[in-house]
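Asker: The structure that follows is given in the form of structure tokens.
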């Protein structure tokens, strides 16, 4: 299993369009969860009077596992096909969603974009928000699952309608749609997910999994870049000690390495590295790991910090310049605005000190120097000062830690990339 190339795949799409059910189905049909586990989940679903939710519970059971602290690989569940070893990053669909969604998109190599064909559903607000976020966060490989085909009697006309709605959205955002497969599926019934469906004779294309294997290319691993591990969580495990958990974005971590945690500046020695409950001598980009560090206490490291090697430490920013696209804002954004920036696993309030220029989002050409304000749909270059220490990298050096989203009032206001950083002393 370890020999197959690894792909981190996320699901995106509007809440209730069936993302969790689709993942449950993928895990079940691939044999990653067993019949008896599914039976239990069915019983739970029945007790909760949510009969069709057994697959969704597959991912959600991890939440309680997390609260009980049983497992280190939070929400990351692996399954494999003939070609790849996939780790699914389940990005929740509800209000806590976007913070996790941003962490998820910043970790994903590819995405299953779910759009419901159910009458009255189709492309909705969050479908659009997720599509923009994926594009800005650099998720360029998509497979589109047109889900809930069972609710439309597997109607080809409805499928074609939703496909053209979705294509219009993705084209507008800048995706090349001729490279993106669209698959009619029913996650609940299992049509065209792992197994070919006999209910849609009109559809001649691949199943979802065949399309994933055929479309998704393994990204170049940035092993020659400096080590960066954004920390997602920290556990204290009896008899082991402090175990930070995160995904290696760039570089290589080996047991015995001295690492530096920024912005706290704590240093320690890596004793063990664990992935999917197995100890490993090293971890490469894309690996979701827990690592035990001697010399670092629980209070020295937290979610949002970044681990690196002392000789090329993570960059703590005093201020930075970025290019952003305003996705949605009820009024206008002016200098002095201080929303929350989500970058890597950190979420920190940052002040937009100055709007340097309004630019054409497609070409990057300056439209207007020093505008008084920017609004929904505008792209701009801005100067930003974090309200507290945070790690920020330049797009040109480490793009994995240069993408961010800006949140305020419960919505994603803007998304962008870091162009330049002034280091903190």
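No value in this document is a laboratory result; all are computed from the given coordinates. Just so it is clear, the model here is predicted, and its values are computed rather than measured. Glycine also receives a Cβ, built like all others from the backbone with ideal geometry; neighbour counts cover every protein chain displayed.
Asker: At 37 °C and 0.692 mPa s, grab the translational diffusion coefficient of segment 181-281 from Stokes-Einstein with a Kirkwood Rh over Cα pairs, rounded to a whole number in µm² per second. Don't jump to the answer; show the numbers that get you there.
Answerer: Numbers: Rh = 17.5 Å.
Diffusion coefficient, whole number: 187 µm²/s.
Asker: Okay, moving on. For segment 269-425, what does the equivalent ellipsoid look like in terms of its semi-axes, each the square root of 5 times an eigenvalue of the Cα gyration tensor, given largest first in whole Å? Walk me through the intermediate numbers first.
Answerer: Working: eigenvalues 230, 45, 44 Å².
Taking √(5λ) for each eigenvalue gives 34, 15, 15 Å, largest first.
Asker: Another question, if that's okay. If one computes the Cα centroid of segment 12-27 and of segment 149-219, what distance in Å separates the two points?
Answerer: Here the two parts' Cα centres lie 14 Å apart.
Asker: I would also like to ask the following. Compute the length gained on full extension between residue 368 and residue 409: take 0.36 nm times their separation in residues and subtract their Cα-Cα distance, giving the result in nm to one decimal. Before the final figure, lay out each step's value.
Answerer: Details: separation 41, 0.36 × 41 = 14.76 nm, distance 2.78 nm.
Difference between extended and current length: 12.0 nm.
Asker: What is the fewest-to-most order of 277, 342 by other Cβ atoms lying within 10 Å of their Cβ? Let's see the in-between values first.
Answerer: On the way: 277 9, 342 25.
Neighbour counts put them in this order, fewest first: 277, 342.
Asker: If you don't mind, there's one more thing I want to ask. Arranged by the count of other C-beta atoms within 10 angstrom, fewest first, what order do 243, 422, 340, 115 take?
Answerer: Values: 243 21, 422 14, 340 17, 115 26.
Fewest to most other Cβ atoms nearby, the residues stand as 422, 340, 243, 115.
Asker: Rank these for me by crowding, 294, 25, going from fewest to most other beta carbons within 10 Å.
Answerer: Values: 294 11, 25 27.
Taking fewest neighbouring Cβ atoms as first place, the list is 294, 25.
Asker: Kindly state, to the nearest 0.05, the FRET efficiency for residue 375 paired with residue 198, given R0 = 51 Å and r defined as their beta-carbon distance. Working shown, then result.
Answerer: Values: r = 51 Å, r/R0 = 1.00.
After rounding, the FRET efficiency stands at 0.50.
Asker: Which whole-number percent is the relative contact order of segment 344-394 (Cα, under 8 Å, 6+ apart)? If you can, show how the numbers build up before the last one.
Answerer: On the way: 78 pairs, mean separation 22.7, N = 51.
With pairs under 8 Å counted, the relative contact order is 45 percent.
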